[in-house]
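The values are calculated or read from the model by the stated rules, or taken from the named source; none is laboratory data. Because the structure is a prediction, the values reported are computed rather than measured. Don't worry about glycine lacking a Cβ; one is built from the backbone with ideal geometry, like all the others, and counts go over all protein chains shown.
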Amino acid sequence: KRIRSRAAYKGRNYDIVGTTYDPQTGQITFPPQLTEAQRRAVRESLVRPPDSEIQYFLKLQRHWIPRILHRYVNSPTAIVLTPVPRGPFAEVTGFSTPTEALFAGDVAGTTVVSVPEQTFGFLEKAEYYFDGYHLNAKGREQFTQKLVTELVGLLGSHGSDAPSGLNRQLTPATTSN
């Protein structure tokens with residue numbers, strides 16, 4: 001029953017339009033309709049995590065991503081790496097890590113397809129978020145449509161024996177298209 005309810009969830013039908021952030025001064029202004037929880041989430045989303053937390057997160061990624069990729073060596077399974085929108089304020093930079101920084105070691109023999117890093121940059125606007133972290137219904141719909149379009153282009157049609165894009169191998173030196 002819980003899985004069914006998740007599949008039916010379309011997202012929240014409100015946004016944070018009217019919220020502004022000045023990266024030079026750190027000033028945030030909120031429209032009156034935002035709840036305190038939304039305001040708090042926006043504030044928290046704009047705080048850069050401590051370097052120790054960033055390093056720990058990168059350590060986990062460097063450990064687990066290669067293990068997952070190696071699990072599928074010589075498998076017909078394609079691994080798809082996709083970025084996600086960073087948040088409602090595109091002008092905030094420095095919080096994301098380039099994909100190539102995550103990979104250590106060779107993963108030849110694994111089919112890895114990377115969705116280009118800026119694919120979802122158009123969603124980094126207040127109209128697509130219901131707080132500082134989460135896409136609203138409109139954002140979720142746009143994300144899904146764009147992801148499907150990208151995957152169809154990268155993986156080809158389901159009837160093809162050798163879909164375009166599946167011959168790309170990911171190595172530490174070549175992580176993007």
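Quick grid of which residues meet (1) aliphatic (A, V, I, L, M); (2) modelled with pLDDT under 95; (3) within 21 Å of GLU141 (Cβ to Cβ):
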{"position": "ARG6", "(1), (2), (3)": "no, yes, yes"}
{"position": "LYS10", "(1), (2), (3)": "no, yes, yes"}
{"position": "ASP22", "(1), (2), (3)": "no, yes, no"}
{"position": "THR25", "(1), (2), (3)": "no, yes, no"}
{"position": "ILE28", "(1), (2), (3)": "yes, no, no"}
{"position": "GLU36", "(1), (2), (3)": "no, no, no"}
{"position": "ARG39", "(1), (2), (3)": "no, no, no"}
{"position": "VAL47", "(1), (2), (3)": "yes, yes, no"}
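What is the number of the single condition among (1) touching a Lys or Arg at 6+ places or on another chain (Cβ under 9 Å); (2) assigned to a loop (DSSP other than H, G, I, E, B) that PRO49 does not meet?
Result: PRO49 passes all but (1).
Quick one: in the range 58-114, which of the residues that are among the charged types (D, E, K, R) and under 30 Å from GLN24 (Cα atoms) is modelled with the highest pLDDT?
Per the criteria, the residue is ARG86.
So, in the range 11-28, how many residues would count as being loosely packed, with under 11 Cβ neighbours inside 10 Å and within 17 Å of TYR133 (Cα to Cα)?
Counting residues in the range 11-28 that are loosely packed, with under 11 Cβ neighbours inside 10 Å and within 17 Å of TYR133 (Cα to Cα) gives 1.
Return the pairs, sorted by first residue and then second, in which the second residue is assigned to a helix (DSSP H, G or I), the first residue lies in the range 46-63 and is under 22 Å from LEU81 (Cβ atoms), the beta carbons are less than 9 Å apart, and the residues are 6+ apart or on different chains.
These pairs meet every condition: PRO49/PHE57; LEU58/ALA101; LEU58/LEU102; GLN61/ALA101; GLN61/LEU102; ARG62/ALA101; ARG62/LEU102.
Which is touching a residue at least 12 places away in the same chain (Cβ under 8 Å) and over 26 Å from LEU154 (Cα atoms), of THR29, THR77, THR19?
Working: THR29 fails: touching a residue at least 12 places away in the same chain (Cβ under 8 Å); THR77 fails: over 26 Å from LEU154 (Cα atoms).
Criteria check complete, one pass: THR19.
Go over the candidates VAL47, VAL73, VAL17, VAL42 one by one and state the one that is of a type in the set (Val, Ile, Thr) and touching a Phe, Trp or Tyr at 6+ places or on another chain (Cβ under 8 Å).
Answer to the check: VAL42.
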